[in-house]
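The values are calculated or read from the model by the stated rules, or taken from the named source; none is laboratory data. Owing to the predicted nature of the structure, the values given are computational and were not obtained by experimental measurement. Glycine gets a Cβ as well: all are built from the backbone with ideal geometry, and neighbour counts include every protein chain shown. Just so you know, the surface numbers come from the protein's heavy atoms only, side chains and all, with ligands and any DNA or RNA stripped out. Shrake-Rupley method; radii C 1.70, N 1.55, O 1.52, S 1.80 Å.
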Amino acid sequence: MTKSDPMKVKGLLSALLCFCLLLSLTALGEEAAPESLPADNLIDTRHSVMIEGKQVDYTATAGTMLMDTAQGQCEVFYVAYTADQAEDSAKRPITFAFNGGPGCASVWLHLGLLGPERVALSEDGMVERVPARTVANEYSILDMTDLVIIDPVGTGFSRALPGTDESVYYNLKGDNASVGDFIGQYVRRHDRWASPKYIIGESYGTVRAVGVCDYLLNTYHMNLNGMILISSANDFGAFVSSVGNDLPYVNLLPTFAAAARYHKRVDEKYQVMPLEDYLDEVKDFAAGEYQLALYQGSRLDADEQDAVAQRLSDYIGLDKDFILERNLRVSTGDFCAALLGDQKLTVGRFDSRYTGPVLEGSLEDGTSDPSSVGLTEAFISAFNDYVVQALGYRTDRLYIETNFAVDEQWSYDSDGAAFAQEDLIRNCMSANPFLKIWVIGGYYDLATPFFSAEWIFSHVFLNDALKENLSFSRFPTGHMFYLSEPALRQFRADAKAWYGVE
């Protein structure tokens, strides 16, 4: 080896060290900046719809937004409808909407109430043809507000990305965060901070709406202008039966009575009364004599028990002995099976006006519910056609209207926030005195009875100044109140006043 060899070796080692350092920095950079998410998959199409005799031109955006959330990575399917002729689109109202379940996609609100097209049904909400089709929705509120209809993760076309356990979204807090983050991200991307912002939720979606309202306030410092809560489920204890809890029987009674009257199973004197007057009488009995009788339990003497059973029989059309056998506590399943049992028919849980033959399946999940069977298929079929033909969105994914895996895995967390939201609602309204809440229900809804919603919101103890921000509407319909065209018509008229549109 010559004298120059050590220098060559030193140079070679230096070069090798630099190369290794470069590799290390590159690796660290890759670790610090994880692989980017795939691109959003969104399709824009342009359309028009006639609403109250005026043409509304709008852009529909359908597809998935990629999101990197605290729980993991997911893509959320949504359809946004934005009016083209808005003078200042950045300040135009925007409404975010979702259904419930919690494993239910938002096809019902989308093609039943809000969207510029709706599933064609008879005036009273019955399927008229198979396959179902969509028609222009002249009752849409798109002329009042832009609309963004969201399918939460695990429903519709929304999914967690590979590497993320989808179940992390199947809980109260994870769901509120993912939907809240979607809204926050949408507002940022589309410069909608100056827009009045609203949320519409249905059924479990009312629980989600309140949770998201709270999440947006605390995470994004974003105040909402209003929430529309359809078929309120904001306190499970008010309508879900459990051992030792008699409140659901009290709150179910007026809906039992409405159904019995509808099917002509009550005395003629009740049949000729206006529905609201009849229900006021039943509500007085339910909240008074009936509730007191249930409270006494086995201490209630035989004569009092017999008298209460007779009053129940008169109001709900069931045999007195049937009621006595159940200690005055008739479940929804028993009522649905017994009311028209002599005709071998069951009445619907989601809408007790509907009847059908007894089927294998569950009344709770709708698989044997005559107010769900047939309608569900109609909505899914119409949506699958509409999303391709009208919105131009194509995917090989199955559109999941109800994901039973979501319901089975769902966790309500340990703090019980989903079981009683009265304080959370009060806090949201007190922290933001501009927040309006509109509670809507159907007289024939046995899933989330209208009387339970009245009980829930009577226990939201607001200051006098805030009470005017809370309003109610009741329709002679069921859980999806908007399936009736007269109800759609009335909703639109009421919405104009609520949104402040003259």
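Considering only segment 232-262, how many residues are of a type outside the set (A, V, I, L, M), within 15 Å of residue 478 (Cβ to Cβ), outside any helix (DSSP H, G or I) and open to solvent by less than 10 Å² (accessible area, probe 1.4 Å)?
We begin by selecting, within segment 232-262, every residue of a type outside the set (A, V, I, L, M); these are 232, 234-237, 239, 241-242, 244-246, 248-249, 251, 254-256, 261-262.
With the extra rule that they be within 15 Å of residue 478 (Cβ to Cβ), the set shrinks to 232, 239, 254-256, 261-262.
Imposing the further condition that a residue be outside any helix (DSSP H, G or I) reduces the set to 232, 239.
Next, from what is left, pick out any that are open to solvent by less than 10 Å² (accessible area, probe 1.4 Å): 232.
Result for segment 232-262: 1.
Among all residue pairs at least 6 apart or on different chains, which show Cβ distances below 8 Å where the first residue, located in segment 94-118, is acidic (Asp, Glu) and the second is in a loop (DSSP other than H, G, I, E, B)?
Between residues of segment 94-118 that are acidic (Asp, Glu) and residues that are in a loop (DSSP other than H, G, I, E, B), the close pairs are 117/137; 117/390.
Does residue 214 satisfy the criteria of being under 16 Å from residue 425 (Cβ atoms), open to solvent by 20 Å² or more (accessible area, probe 1.4 Å) and in contact (Cβ under 8 Å) with a residue 40 or more places away in the chain? Write out each step before concluding.
On the way: under 16 Å from residue 425 (Cβ atoms): yes; open to solvent by 20 Å² or more (accessible area, probe 1.4 Å): yes; in contact (Cβ under 8 Å) with a residue 40 or more places away in the chain: yes.
It is true that residue 214 is under 16 Å from residue 425 (Cβ atoms), open to solvent by 20 Å² or more (accessible area, probe 1.4 Å) and in contact (Cβ under 8 Å) with a residue 40 or more places away in the chain.
Among residues belonging to segment 104-131 that are of a type in the set (Gly, Ala, Ser) and buried (at least 22 other Cβ atoms within 10 Å of the Cβ), point out the one that is nearest to residue 485 (Cα to Cα).
Ranking the qualifying residues of segment 104-131, first place goes to 125.
How many residues does segment 376-409 hold that are of a type in the set (A, V, I, L, M, F, W, C), surrounded by 15 or more Cβ atoms within 10 Å (Cβ to Cβ) and modelled with pLDDT under 90?
If we filter segment 376-409 for residues that are of a type in the set (A, V, I, L, M, F, W, C), which is where we start, we get 378-380, 382-383, 387-388, 390-391, 398, 400, 404-406.
Next, from what is left, pick out any that are surrounded by 15 or more Cβ atoms within 10 Å (Cβ to Cβ): 378-380, 382-383, 387, 390-391, 400, 406.
Narrowing further to those that are modelled with pLDDT under 90: 406.
Number of matching residues: 1.
Spot the failing condition for residue 333; the list is (1) at pLDDT 95 or above; (2) over 19 Å from residue 455 (Cα atoms), and only one is missed.
(1)
Which pairs do you get when a residue that is of a type in the set (Gly, Ala, Ser), found in segment 390-406, comes within reach of a residue that is open to solvent by 20 Å² or more (accessible area, probe 1.4 Å), reach meaning Cβ atoms under 6 angstrom, with the pair 6+ apart or on two chains?
These pairs meet every condition: 392/43; 392/45.
With the checklist (1) in contact with a Gly (Cβ under 7 Å, 6 or more places away or on another chain); (2) aromatic (Phe, Trp, Tyr); (3) part of a helix (DSSP H, G or I) in hand, flag the one item residue 182 doesn't pass.
Among (1) in contact with a Gly (Cβ under 7 Å, 6 or more places away or on another chain); (2) aromatic (Phe, Trp, Tyr); (3) part of a helix (DSSP H, G or I), residue 182 violates only (1).
Restricting to segment 456-494, and then to whatever is in a helix (DSSP H, G or I), open to solvent by less than 20 Å² (accessible area, probe 1.4 Å) and hydrophobic (A, V, I, L, M, F, W, C), can you tell me which residue is nearest to residue 350 (Cα to Cα)? First the steps, then the outcome.
We begin by selecting, within segment 456-494, every residue in a helix (DSSP H, G or I); these are 456-458, 464-467, 481-483, 485-494.
Cutting the leftovers down to open to solvent by less than 20 Å² (accessible area, probe 1.4 Å) gives us 456-457, 466, 481-483, 487-488, 491-492.
After this cut, where a residue has to be hydrophobic (A, V, I, L, M, F, W, C) as well, the list is 456-457, 466, 481, 483, 487-488, 491.
Details: 456: 19, 457: 21, 466: 32, 481: 10, 483: 12, 487: 16, 488: 17, 491: 19 Å.
By that ranking, first place goes to 481.
Output the residue which, of all residues in segment 415-455 that are of a type in the set (Phe, Trp, Tyr) and out of contact with any helix residue (DSSP H, G or I) (no Cβ under 6 Å at 6 or more places or on another chain), is least open to solvent (accessible area, probe 1.4 Å). Spell out how you get there, then give the answer.
Pass one, segment 415-455, residues of a type in the set (Phe, Trp, Tyr): 419, 434, 438, 443-444, 450-451, 455.
From the residues that got through so far, the ones that are out of contact with any helix residue (DSSP H, G or I) (no Cβ under 6 Å at 6 or more places or on another chain) too are 434, 450.
Working: 434: 159, 450: 4 Å².
By that ranking, first place goes to 450.
Which numbered condition trips up residue 161, out of (1) open to solvent by less than 10 Å² (accessible area, probe 1.4 Å); (2) of a type outside the set (Gly, Ala, Ser); (3) touching a strand residue (DSSP E or B) at 6+ places or on another chain (Cβ under 9 Å)?
Failed condition: (1).
Consider residue 228 against the criteria (1) open to solvent by 30 Å² or more (accessible area, probe 1.4 Å); (2) at pLDDT 95 or above: it satisfies all of them except one. Which criterion is unmet?
(1)
Tally up the residues in segment 317-329 that are open to solvent by less than 80 Å² (accessible area, probe 1.4 Å) and either touching a strand residue (DSSP E or B) at 6+ places or on another chain (Cβ under 8 Å) or under 20 Å from residue 245 (Cβ atoms) (or both), please. Break it down stepwise before answering.
Filtering segment 317-329 for residues open to solvent by less than 80 Å² (accessible area, probe 1.4 Å) gives 317-318, 320, 322-324, 326, 328-329.
The next check asks that each one be either touching a strand residue (DSSP E or B) at 6+ places or on another chain (Cβ under 8 Å) or under 20 Å from residue 245 (Cβ atoms) (or both); those that pass are 323, 326, 328-329.
Total satisfying the criteria: 4.
So, residue 64, is that one part of a strand (DSSP E or B), within 12 Å of residue 159 (Cα to Cα) and either in contact (Cβ under 8 Å) with a residue 40 or more places away in the chain or open to solvent by 10 Å² or more (accessible area, probe 1.4 Å) (or both) or not?
yes
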